[in-house]
1. Mind ranking R344, R354 by accessible surface for me, highest first, 1.4 Å probe?
2. Would you mind calculating the relative contact order of the chain from Cα pairs under 8 angstrom and at least 6 residues apart, reporting the percent as a whole number?
3. How charged is the neighbourhood of V39? Take every other residue with its Cβ under 11 Å from the Cβ of V39, and add Lys/Arg as +1 and Asp/Glu as -1.
4. Per DSSP H run of at least 4 residues, take -39500 (n - 2.57); add these up for the chain, divide by its residues and hand me the 222 nm value, nearest 500 deg cm²/dmol.
5. Please state, rounded to one decimal and in Å, the Kirkwood hydrodynamic radius that the stretch 271-397 gives when every pair of distinct Cα atoms enters the mean of 1/r.
6. Provide, as a two-decimal number, the C-alpha radius of gyration of the stretch 53-144 over 2.2 N^0.38 Å, N being how many residues it has.
7. Which one of S156, S111, S202 has the biggest mean-square fluctuation once the chain is modelled by GNM with Cα springs under 10 Å?
8. At 25 °C and 0.890 mPa s, grab the translational diffusion coefficient of the stretch 101-205 from Stokes-Einstein with a Kirkwood Rh over Cα pairs, rounded to a whole number in µm² per second.
Amino acid sequence: MYYRSMSIDLQNVQKAHFVGISGIGMSALAQLFLGQGKVVTGSTNEKTIITDMLEKKECQIFFGHGEGNIANDVDVVVYTRAIPDNNPELIEAKKKGIPLFSYPEMLGIVSSDMYTIAVSGTHGKTTTTAMTADILVDGGLNPTTIVGSVLRRNNSNFIKGDSKYFLVEACEHLRSFLNLQPNILIITNIQADHLDYYKDLSDVQSAFKELADKVPLDGYVVCNPQSNTVAPILENVQATIIDYTKQKEVSLKIPGEHNRENAQGALSVADILGIDESDAQKSLESFLGTWRRFEYKGELKNSTLLFDDYAHHPDEIRATISGFREKYPEKKLWIVFQSHMFSRTKDFIEGFQRELAKADRVFVVPIFPAREKDDGTISHNDIIGKNKNIEACDSFEEVVGKIKGEVGEDTIICTMGAGDVYKVGNLLLAVD
């Protein structure tokens with residue numbers, strides 16, 4: 001257990017240090033602090049486009065973790081939960097008596113002082129948050145926004161607002177979102193996921209119920225109350241329940257029924273906050289998506305279209321494939337899939353086999369381990385199952401070798417997964 005201070009007055013914080021600053025959420029929170037005029041330092045292991053962006057904003061980045069990164073004048077240390085207990089910076093902060101907060105704990109502190117719009121759900125959080133951000137910005141509400149991807153409108157995962165509104169993507173992993181104090185809560189959907197932590201679907205639902213119960217009497221829970229997984233968590237909720245399915249469907253540039261549902265959730269927030277319906281619809285009609293969500297990456301010389309998508313759950317794979325079939329009905333779909341974590345692969349192996357079989361051809365690459373170690377009981381080869389259209393490749397380079405020269409203008413390639421499979425697309429573009 002880390003040392004924690006229960007609360008902190010952020011107005012008294014002059015200097016903050018972020019352990020694991022290059023994470024998508026951590027980097028957004030660091031930008032929030034920078035926007036408040038605080039001095040921010042951080043540590044990470046690798047130089048990335050995110051660290052480049054932070055350095056341009058005068059954030060000092062240490063590459064590598066060490067006790068020397070914790071200066072004596074640091075007022076607070078924020079850390080990602082991916083950091084192990086024995087991290088030298090956490091140990092040094094504890095030794096110096098510097099207050100320590102995890103990323104979700106600090107989000108909760110920020111949330112407590114603002115009118116918070118939290119976007120939760122097993123799938124669709126990022127896109128719904130981005131859609132809502134566009135509507136609120138275009139509507140002049142100037143929200144401070146933290147999203148788990150890169151927004152197209154400003155090429156960032158953060159929007160610096162100057163109003164009371166705080167729009168944030170609310171992650172259910174480890175019950176992190178329970179740190180938030182939502183005034184408006186969007187629940188896109190609830191499915192069994194993160195089963196390395198949760199016992200089962202019922203356990204997942206218990207976390208969402210606890211979050212919904214936190215919404216005050218004058219607040220709102222935006223959801224589909226007819227959903228058989230959402231309905232049970234709404235019992236005794238004191239806030240007003242808003243059924244997003246009653247919203248009009250909007251014509252979007254990005255395909256898929258799931259995205260039209262995401263848009264309905266965003267429209268419901270616009271309605272609550274008094275934004276003109278036609279203005280909100282215009283914002284959605286021009287919405288271009290976010291980084292790694294049905295993201296168009298380019299066109300190869302042979303006219304093959306290249307996309308990248310974050311889908312790493314069977315339901316997400318099904319939705320993404322459905323979106324491609326809707327937008328490009330005449331084209332063949334080839335997927336390069338990378339499963340995320342060994343435990344997730346075991347939990348959803350049948351779902352992966354079933355949904356990937358709906359593509360025309362699939363290449364599966366080694367599992368992205370994330371925070372887990374390989375115990376040798378499962379590999380990417382197991383994802384093939386009995387499907388003749390799925391084959392295993394042991395490296396990104398092997399995939400590129402098999403794809404190169406075999407595709408043409410009648411084919412779409414989509415790299416898919418929550419790890420680093422997007423690099424296959426980079427390689428294809430580089431060798432083309």
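1. Result of the area sort, largest leading: R354, R344.
2. Numbers: 876 pairs, mean separation 49.2, N = 432.
Rounded, it is 11 percent for the chain.
3. Numbers: positive: K15, K38; negative: E58, D73, D75.
Neighbour charge sum, excluding V39 itself: -1.
4. On the way: 12 runs with 139 residues, N = 432.
For the chain, the value works out to -10000 deg cm²/dmol.
5. Values: mean 1/r = 0.0605 Å⁻¹.
About 16.5 Å, per the Kirkwood formula over Cα pairs.
6. Details: Rg = 17.0 Å, N = 92, 2.2 N^0.38 = 12.3 Å.
Normalised Rg, Cα atoms only: 1.39.
7. Among S156, S111, S202, the largest mean-square fluctuation in the Gaussian network model of the chain belongs to S202.
8. Details: Rh = 14.0 Å.
Rounded, D is 175 µm²/s.
The values are calculated or read from the model by the stated rules, or taken from the named source; none is laboratory data. A quick note: this is a predicted structure, and the numbers were derived from the prediction, not measured. All Cβ positions, even for glycine, are placed from backbone atoms using ideal geometry, and neighbour counts span all protein chains on display. We work out accessible area using only protein heavy atoms, side chains counted, and drop any ligands, DNA or RNA first. Shrake-Rupley method; radii C 1.70, N 1.55, O 1.52, S 1.80 Å.
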